[in-house]
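Asker: I have a structure I would like to understand better, so I am pasting it below and will then ask my questions one at a time.
The values are calculated or read from the model by the stated rules, or taken from the named source; none is laboratory data. The shown structure was predicted, so the numbers you read here are calculated from the model rather than taken from an experiment. Note that we place each Cβ from the backbone using ideal geometry, even for glycine, and neighbour counts take in every protein chain shown.
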Amino acid sequence: MKILVCMKQVPQKDASLKLNETGTWIREDVSYEVNEPDAFALEEALRQREKHKGEVVVITAGPGRAQQVLREALAKGADRAIHLEDNSFVGLDAFNTAKAFAAAIKDEKFDMIFTGLQSDDYGYAQTGVILAELLGWPHATIIMQIEKTDAGIKVKRELEAGYFQYVEMPLPAVLTIQSGINKLRYATLIGIKQAKNKPVRKVALAEVQSAIGENLQKIERLYVPQKTKKTEYIEGPPGEIAKKLVDKLRNELRVL
Amino acid sequence: MSDTILVIVEQREGKLNRVSWETITAGQAIAAATGWTLEAAVAGAGPGGIATEIAGKKLAKVYAVDSPKLEPYTPDAFAASLKQFITAKQPKLVLMPHTYQVRDFVPKLATAMGRTVISDCIGFKHENGKLLFTRQMFQGKLSADVSFTSEAPWFATFQNGAFRGDQAEAGASAAPVETVNVQIAEPVIRTKPQEVFKEAKQAVDLTQAELIVAVGRGIKEQKNIELAKQLADALGAELAASRPICDSGWLPMDRQVGSSGQTVAPKLYLALGISGAIQHIVGMKGARSIIAINKDSEAPIFEIADYAVVGNLFDIVPPLTEEVKKAKG
């Protein structure tokens, strides 16, 4: 099994986000981390390789800082990495990001491509499915289990409200992986050491420029959402807060 | 001919997904703002019954996009049939609910047509003749107004709860229903879906709970769940959690609230250490009142909270439990 895992670097969950001068994106001087769903996708790829042998390749698109995501993946056990390195990749829509990935891997032959089910920044939940369509491959989304079969794979899809479904499909295929499909591993010291010698192929914007076009959608403005609810802040030392909350529960919400 | 908005409602196994009414409400609102014509469609194997069901709403026309190959659902068959239909009809705007099923096929459909989807929208704006779709970004910390820069047809999906389904306006008379048969060649469908099933009998029904105490990542360790449980017991509330807590096995999956868990509407939802990611919010924003305790003052949960406590839940929950016990005497 040769598996490609698409990964993304996103602002840390508790990062304080500030708008840039044009109000169309955030100021980039924040701390970043790996998009959590992508970490589950990587873990699943490593587990599939442990079962069926093969290779795990990780790919990301973003500026120099995004290499951290690849380094961590290599330290956890990925075999090699592809870095589409340029600031402008951050602003691509899902359609163009998928096109850039497709162009960067045109000489590779993967059996499966995994993505996380969505990113914590844009939250499109689209790039994996678009990539499948561009490659002409079948896909399945929100996957909780993957088994190899004689004809391809059998995957367990999560549906809404506690429902599931098994789907059989041929390879190659694209799967978007649900968070919680597995338990994430930590990188070992030896893994971190070995990662330094693993290959990272850099792809410049120029190499994939001809594949991508103008974005098909545009963020006109980004802003802090207007509150629709009036929120009452309750302050003070913990004991006092507890008393005030109980007063609200009893006299305003009438649930006590 | 005027521009057309096409709402594609969702059916699963011959039943209309109720969230579709919300998309019809959204379509009616956009039609009112733009003056465009509103039509609807449903795709399936013999979906005529559902087409008739929605034809009672204020719509110019309803299409039943019909093929035996549309049952059971596959992304290949849905994308192929809707591509045929939409290419023939050329609507300006195509709207769908942002369900797991739509997420599974709509990016493929749009890509096959060289178009894009603005996904998971919570509203729209019509400014100086330009349509903007509002969607949440960065897990709800920020919102964005997004426009289409490509040619029509444009695709957009709406988040569950973005519009009120019960506000979908009825028509003066039933809209005409037209059946459109689509041809799907056998090799198009590459995946073989099996029966839909439920993992285990859901032991806990949170949908009927009046009071819910819910925990999120801020609880930090499994042993700390006990703190929340004591508060829930004192209140006589059900204990619930956000997805990461159930993924970690700290609470069973049937206590999960959110898009992949249960959708609840209690009198009180007390959120402990829950940041309020969109996937969680969609499952609990219908609560009559929300109290949120979180140490991060920018946590999106505070956007929808009635009462907010910015602070350490480990300091506040134990005295709160004691006060509740005292109050209950």
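Asker: From the list B:225, B:304, B:274, exactly one residue is within 25 Å of residue A:118 (Cβ to Cβ), more than 8 Å from chain A (Cβ to nearest Cβ) and either among the hydrophobic types (A, V, I, L, M, F, W, C) or touching a residue at least 60 places away in the same chain (Cβ under 8 Å) (or both). Which is it?
Answerer: That would be B:274, the only listed residue that is within 25 Å of residue A:118 (Cβ to Cβ), more than 8 Å from chain A (Cβ to nearest Cβ) and either among the hydrophobic types (A, V, I, L, M, F, W, C) or touching a residue at least 60 places away in the same chain (Cβ under 8 Å) (or both).
Asker: What are the pairs, 6+ residues apart or on separate chains, where a residue within segment A:98-112 that is more than 14 Å from residue A:3 (Cα to Cα) and more than 14 Å from chain B (Cβ to nearest Cβ) has its Cβ under 8 Å from a residue that is assigned to a loop (DSSP other than H, G, I, E, B) and not aliphatic (A, V, I, L, M)?
Answerer: Matching pairs, first to second residue: none at all.
Asker: Just to verify a result, which residue in segment B:242-271, among those that are among the hydroxyl-bearing types (Ser, Thr, Tyr), in contact (Cβ under 8 Å) with a residue 40 or more places away in the chain and in contact with a helix residue (DSSP H, G or I) (Cβ under 9 Å, 6 or more places away or on another chain), is surrounded by the most Cβ atoms within 10 Å (Cβ to Cβ)?
Answerer: For segment B:242-271, the residue satisfying everything is B:259.
Asker: Can you tell me which residue within segment B:137-157, out of those that are among the polar types (S, T, N, Q), within 7 Å of chain A (Cβ to nearest Cβ) and assigned to a strand (DSSP E or B), is surrounded by the most Cβ atoms within 10 Å (Cβ to Cβ)?
Answerer: Per the stated criteria, the residue is B:143.
Asker: Just to be sure, is residue A:173 under 30 Å from residue A:76 (Cα atoms), more than 10 Å from chain B (Cβ to nearest Cβ) and buried (at least 17 other Cβ atoms within 10 Å of the Cβ)?
Answerer: No, not satisfied.
Asker: Which one of these does residue A:54 not meet: (1) within 23 Å of residue B:296 (Cβ to Cβ); (2) in contact (Cβ under 8 Å) with a residue 12 or more places away in the chain?
Answerer: So residue A:54 meets the others, but not (1).
Asker: Return the residue satisfying two criteria in turn: it lies in segment A:181-221 and is surrounded by 14 or more Cβ atoms within 10 Å (Cβ to Cβ) and among the polar types (S, T, N, Q), and of such residues it is nearest to residue A:106 (Cα to Cα).
Answerer: Checking each candidate, the answer is A:215.
Asker: Across segment B:41-52, what is the number of residues that are without any contact (Cβ under 8 Å) to a residue 40 or more places away in the chain and surrounded by 18 or more Cβ atoms within 10 Å (Cβ to Cβ)?
Answerer: Here the count works out to 3.
Asker: Which residue, of B:265, B:287, is closer than 24 Å to residue B:97 by Cβ, touching a Gly at 6+ places or on another chain (Cβ under 6 Å) and more than 9 Å from chain A (Cβ to nearest Cβ)?
Answerer: After ruling out the rest, the residue left standing is B:265.
Asker: Any residue in segment A:145-160 that is under 27 Å from residue B:207 (Cβ atoms) and in contact (Cβ under 8 Å) with a residue 60 or more places away in the chain?
Answerer: No, that holds for no residue.
Asker: Going by what's in this entry, would residue B:88 be described as more than 16 Å from the chain's Cα centre (by Cα), within 11 Å of chain A (Cβ to nearest Cβ) and either in a strand (DSSP E or B) or farther than 20 Å from residue B:193 by Cβ (or both)?
Answerer: no
Asker: Can you tell me which of (1) buried (at least 21 other Cβ atoms within 10 Å of the Cβ); (2) more than 10 Å from chain A (Cβ to nearest Cβ); (3) touching a strand residue (DSSP E or B) at 6+ places or on another chain (Cβ under 7 Å); (4) not in a loop (DSSP other than H, G, I, E, B) is the one residue B:80 doesn't meet?
Answerer: Unmet condition: (3).
Asker: Let me ask something else about it. For residue A:181, state whether it is within 14 Å of chain B (Cβ to nearest Cβ), among the β-branched types (Val, Ile, Thr) and under 18 Å from residue B:194 (Cβ atoms).
Answerer: no
Asker: Now for a different question. Take residue B:274 and decide whether it is assigned to a loop (DSSP other than H, G, I, E, B) and within 22 Å of residue A:36 (Cα to Cα).
Answerer: Yes, satisfied.
Asker: Only residues that are at pLDDT 95 or above and outside any strand (DSSP E or B): list them for segment B:189-216, please.
Answerer: B:189, B:190, B:191, B:216
Asker: Here is a further query. Check whether at least one residue in segment A:227-247 is within 12 Å of chain B (Cβ to nearest Cβ) and within 23 Å of the chain's Cα centre (by Cα), and report yes or no.
Answerer: Looking through segment A:227-247, none of the residues is within 12 Å of chain B (Cβ to nearest Cβ) and within 23 Å of the chain's Cα centre (by Cα).
Asker: Being within 7 Å of another protein chain (Cβ to nearest Cβ) and in a strand (DSSP E or B) is the filter here; which residues of segment A:143-165 pass it?
Answerer: A:158, A:163, A:164, A:165
Asker: Pick from segment B:6-30 the residues that are part of a strand (DSSP E or B) and within 18 Å of residue B:170 (Cβ to Cβ): which of them is modelled with the lowest pLDDT?
Answerer: B:16
Asker: Can you tell me which residues in segment A:127-142 are facing chain B (nearest Cβ under 7 Å), of a type outside the set (Gly, Ala, Ser) and at negative phi?
Answerer: A:129, A:130, A:133, A:134, A:138, A:139, A:141
Asker: Which of the residues spanning segment B:50-77 are assigned to a helix (DSSP H, G or I) and either charged (D, E, K, R) or within 14 Å of chain A (Cβ to nearest Cβ) (or both)?
Answerer: Hits for segment B:50-77 are B:53, B:69, B:75, B:76, B:77.
Asker: Could you run through segment A:190-239 and say how many residues are in contact with a strand residue (DSSP E or B) (Cβ under 8 Å, 6 or more places away or on another chain) and over 23 Å from residue B:297 (Cα atoms)?
Answerer: 15
Asker: Looking at residue B:239, is it more than 9 Å from chain A (Cβ to nearest Cβ) and either free of Cβ contacts under 8 Å to residues at least 60 places away in the same chain or surrounded by fewer than 21 Cβ atoms within 10 Å (Cβ to Cβ) (or both)?
Answerer: It is true that residue B:239 is more than 9 Å from chain A (Cβ to nearest Cβ) and either free of Cβ contacts under 8 Å to residues at least 60 places away in the same chain or surrounded by fewer than 21 Cβ atoms within 10 Å (Cβ to Cβ) (or both).
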